[in-house]
Amino acid sequence: MSDYTAPTQDMLFVIDEIASLKSITSLPVFEEATADLVEAVLEQAGILANEVFSPLNQPGDEHGTFIENDVVVSPPGFAEAYRQFVDNGWQGIGKSTAIGGQGLPFLVHSAVAEMWYSSNMAFALCPLLTSGAIEAIETHANIDLQNRYLPRMISGEWSGTMNLTEPQAGTDLAAIKTRAERDGDHYRIRGQKIFITWGEHEMSDNIVHMVLARLPDAPEGVKGISLFLVPKFLVNEDGSKGERNDLKLVSLESKMGIHSSPTCVMSYGDQEGAIGYLVGEENNGIACMFTMMNNARLEVGMQGVAISERAYQRAVLFAKERVQGVARGRQQRSTIIHHPDVRRMLMQMRAICQAGRALAYYASAQTDLAHHAATEEDRKIHQSRVDLIIPIVKGWCTEMSQEVTYIGVQVHGGMGFIEETGAAQYMRDARILTIYEGTTGIQALDLMGRKMLRDKGRAMGELIAELKAFNRELVDAEGDLATLGSCFTPALAALEEATDWYLQNSAADPDLGSAIGVDFMMLAGNVICAWLMGRAAVAAQKHIDAGSNDNYYPHKINTALFFVEHILPRSQAQLVMVKSGSASIMSIDADSF
Ligand SMILES: Cc1cc2nc3c(=O)[nH]c(=O)nc-3n(C[C@H](O)[C@H](O)[C@H](O)COP(=O)(O)OP(=O)(O)OC[C@H]3O[C@@H](n4cnc5c(N)ncnc54)[C@H](O)[C@@H]3O)c2cc1C
């Protein structure tokens, strides 16, 4: 039985009111993406997520993946579910029509992806990786490679992977050792990659690996890394599937969560060398990967929202069923949802889910505008906002998913610790999110360095100015909206003070960005989410004022109030932590630990 139902009403509300779908569909490139079409797409995706992917989630976790006769055995039902995904054209919904996609906004893709990740995150990693590989090929590969590989990848018949990590090269890609040697019109790739998600499986007919490797004459460090397309099966000139390439699965990792996604150790070129094709320029592989990084990080942030949503729904179901104690004002033993502390936990989960959704969808909409806004100047403005907030989306949404899935277990009491309820699986599955696609510490470094110091705080200053203007609206409003404003004012001041303090002190202390970056990033995430929840409350109030009787709107305002009253105050503590600097973090020398 599935314990997940896609929260379509909240998704559509956020798409309309926070991500401003209209500002995107008014762009010529998206003129066919009407509100009705978007609703229909979400409805169909919801059916697939609720009825097909979700019921496979827990059995998939129990079954895991293993190797039998050199073949990766996926959990029962996965191959059929993947076939349904492919047959209905879901792989290409956000890809441009020029390359055979359906040309819908990235915003719509993100909402649909949230459903895939909530219903079955381990399964949905396969299409996610394919999507990243498509983006790399579309942006950087030559036309021949594009023609040969993209159509079958966009249809989903062929899946894709990202091969960056090696035993000695995780965060530090400069240490990559996999070698590539020129051999006529292609290259021969030799080396070992670890932790490759869906690196080998039988769900798709071919697997297109995007592999980072180093040429013999390449400069040291990240400036000497190139990107190669290395297919499992070579592809003939007429596009048909050719011989098996010289690459193989060595083993599968046994891991804490996402059990049904095979995490592979891959070996390239044990015999004559795996045939690979250069994507982009030689020695420019890291730059090629960087062009995909924003979307990939946003996707993982979305996974944080999605797994939180699922944990929340699971906890609500349990809290409505489990009878324990007599709640105040009741004559008989009552379900635990009537106890204020359980209610607090559920509200905390709910508020973080909705705030994270607002943040991730807002970032997705900004991504659409950064690519397609009418003028170069507008595109630059939106790109600058995307660049600033992506590490916050990834860092905040995934760190908060740890909290939400942890609370999900707590709501279940002892049963949360027992695998049967599924709450433990969400906590285990969520744990990878703060690690892959750049750890939380690396997101913070990106924010404090590239995104704040490089432009001397300009992009952050522009964001703060926008938040201040909105806050004036709240403060001048009445009732709940004014309460939102009075809670938001000190938090916004804390973000401004932390920003100024960091910009003034970073030059004197080179450790500062890394030492207090995560605290700063979480402060920024709390304040930006409060802004978006405040905007949601204002929009909900308009629906109420227009005569709507739908409970969704007052509940939205209440959830925003909970966020600013019970989560946002953390920003004051985070300001103190930021301003405490690096001294007590760095004073004890490494040998003394
Ligand atoms: C289940 C799973 C799936 C994965 N899928 C893929 C995949 O499909 N393709 C792929 O290429 N990789 C994949 N990875 C690898 C993943 O991206 C790396 O694990 C991640 O980048 C971290 O690298 P690492 O494990 O070597 O940790 P390390 O780099 O050793 O980091 C250890 C700790 O040190 C910190 N740290 C490291 N360097 C710095 C620094 N300069 N400043 C501050 N702190 C630092 C980190 O934040 C972390 O807390 C996957 C990993 C897992 C577990």
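The values are calculated or read from the model by the stated rules, or taken from the named source; none is laboratory data. In this text, all values refer to a predicted model and were calculated from it rather than measured experimentally. Because the Cβ atoms are built from the backbone with ideal geometry, glycine has one as well, and the counts that use them run over all protein chains shown. Heavy atoms of the whole protein, side chains included, go into the accessibility calculation; ligands, DNA and RNA do not. Shrake-Rupley method; radii C 1.70, N 1.55, O 1.52, S 1.80 Å.
Average accessible surface for the stretch 412-481: 49 Å² per residue, computed with a 1.4 Å probe over protein heavy atoms with every protein chain in place. Take every Cα pair under 8 Å whose residues are at least 6 apart in sequence, average their separation, divide by the length of the stretch 158-199, and the relative contact order is 43 percent. Taking a Cβ cut-off of under 14 Å around Asn69, the surrounding Lys, Arg, Asp and Glu residues balance to a net charge of -3, with basic ones at +1 and acidic ones at -1. For the stretch 235-378, the convex hull spanned by the alpha carbon atoms encloses 236 Å³ per residue. Each residue of the stretch 304-425 gets 105 Å³ once the volume of the Cα convex hull is shared out per residue. Averaging the sequence gap over all C-alpha pairs within less than 8 Å and six or more residues apart, then dividing by the number of residues, gives the stretch 224-303 a relative contact order of 38 percent.
Taking the radius of gyration and the Kirkwood hydrodynamic radius from Cα positions alone, what is the Rg/Rh ratio for the stretch 18-166, to two decimal places? Dividing the radius of gyration by the Kirkwood radius yields 0.99.
For Met577, the accessible surface of its heavy atoms amounts to roughly 80 Å² (probe 1.4 Å, protein chains only, rounded to the nearest 10). The mean accessible area for residues of the stretch 291-332, using a 1.4 Å probe and ignoring ligands and nucleic acids, is 44 Å² per residue.
Placing +1 on each Lys and Arg Cβ and -1 on each Asp and Glu Cβ, with no other charges, gives the stretch 204-329 a dipole about its Cα centre of roughly 1180 debye.
Once all protein chains are placed together, Thr439 keeps about 50 Å² accessible to a 1.4 angstrom probe. The packing ranking of peptides 355-366, 317-328, highest mean first, is 355-366, 317-328, where packing means the average number of other beta carbon atoms within 10 angstrom of each residue.
Accessible surface of Glu43, taken over heavy atoms with a 1.4 Å probe and every protein chain present, rounds to 110 Å². Candidates Gly184, Thr171, Cys288 compared by Cα position along the dipole of the stretch 159-297: farthest toward the positive end lies Thr171, with charges placed on Cβ.
Relative to the dominant Cα principal axis of the chain, helix 512-545 is inclined by about 60°. Counting only Cα atoms, the size of the stretch 421-540 along its three principal axes is 51, 43, 17 Å, in decreasing order. Ranking Gln410, Gly101, Ser582 by Cα position along the charge dipole of the chain, where only Lys, Arg, Asp and Glu carry charges on their C-beta atoms, puts Gln410 farthest toward the positive end.
Starting from the Cα of Ile435, step 7 Å along the direction of its Cβ; do the same at Arg472; then give the gap between the two resulting points in nm. About 4.8 nm, to one decimal. Name the shape class, rounded, prolate or oblate, that the alpha-carbon gyration tensor gives for the stretch 143-242, where a ≥ b ≥ c are the square roots of its eigenvalues, rounded holds for a/c under 1.5, and otherwise prolate holds if a/b is larger than b/c and oblate otherwise. It is oblate, given that a/c is not under 1.5 and a/b is not larger than b/c. Note on the chain: helix-only mean residue ellipticity at 222 nm, from DSSP H runs of 4+ residues weighted -39500 (n - 2.57) and normalised by residue number, equals -18000 deg cm²/dmol. Rounded to the nearest angstrom and listed largest first, the equivalent-ellipsoid semi-axes of the stretch 144-199 from its Cα gyration tensor are 24, 18, 8. Per the Kirkwood formula applied to alpha carbons, the stretch 489-540 shows a radius of gyration over Rh ratio, Rg over Rh, of 1.12.
For Phe233, nonlocal amide neighbours, meaning residues 5 or more places apart or on other chains whose placed amide H falls under 5 Å from its own, are Ile207, Asn245.
For the chain, the carbon plus sulfur part of the accessible surface works out to 51%, probe radius 1.4 Å. Could you estimate the translational diffusion coefficient of the stretch 397-483 from the Stokes-Einstein equation, with Rh from the Kirkwood formula over C-alpha pairs, at 25 °C and 0.890 mPa s, in whole µm²/s? In µm²/s, the coefficient rounds to 150.
Take the alpha carbon gyration tensor of the stretch 56-131, find the square roots of its eigenvalues, order them as a ≥ b ≥ c, and report rounded if a/c is under 1.5; if not, report prolate when a/b exceeds b/c, else oblate. Prolate is the answer for the stretch 56-131, as a/c is 1.5 or above and a/b outweighs b/c. Shape descriptor for the stretch 242-283: Rg over Rh equals 1.11 (Cα atoms; Rh from the Kirkwood inverse mean 1/r).
Counted over all Cα-Cα pairs of the stretch 479-593, pairs farther apart than 19 Å make up 54 percent.
Dipole check for the chain: with +1 at the C-beta of Lys and Arg, -1 at the C-beta of Asp and Glu, and the Cα centre as origin, the magnitude is about 1280 Debye.
With N counted as the residues of the stretch 350-508, its alpha-carbon radius of gyration over 2.2 N^0.38 Å works out to 1.23. Just to be sure I understand the curve: with the Debye formula and one point per C-alpha of the chain, what is log10 I(q)/I(0) at q = 0.09, 0.12 Å⁻¹? Cα-only, vacuum Debye calculation for the chain: -0.72, -1.28.
Once backbone amide H atoms are built at 1.01 Å from N, Leu215 has Ala180, Ser226 as its partners under 5 Å, excluding neighbours fewer than 5 places away on the same chain.
Calculated accessible area for the stretch 104-208 comes out at 31 Å² per residue, all protein chains present (probe 1.4 Å; ligands, DNA, RNA ignored).
Gyration tensor analysis over the Cα atoms of the stretch 327-394 returns equivalent ellipsoid semi-axes of 45, 10, 6 Å (largest first, whole Å). Annotation: the antiparallel percentage among DSSP beta bridges lying fully within the chain is about 85. With the simple model of a label 7 Å out from the Cα in the direction of the Cβ, Ser240 to Glu281 spans 3.9 nm. In percent, rounded to a whole number, the relative contact order of the chain is 13, using alpha-carbon pairs under 8 Å and six or more apart.
For the stretch 274-313 versus the stretch 450-469, the inter-centroid distance based on Cα atoms is 25 Å.
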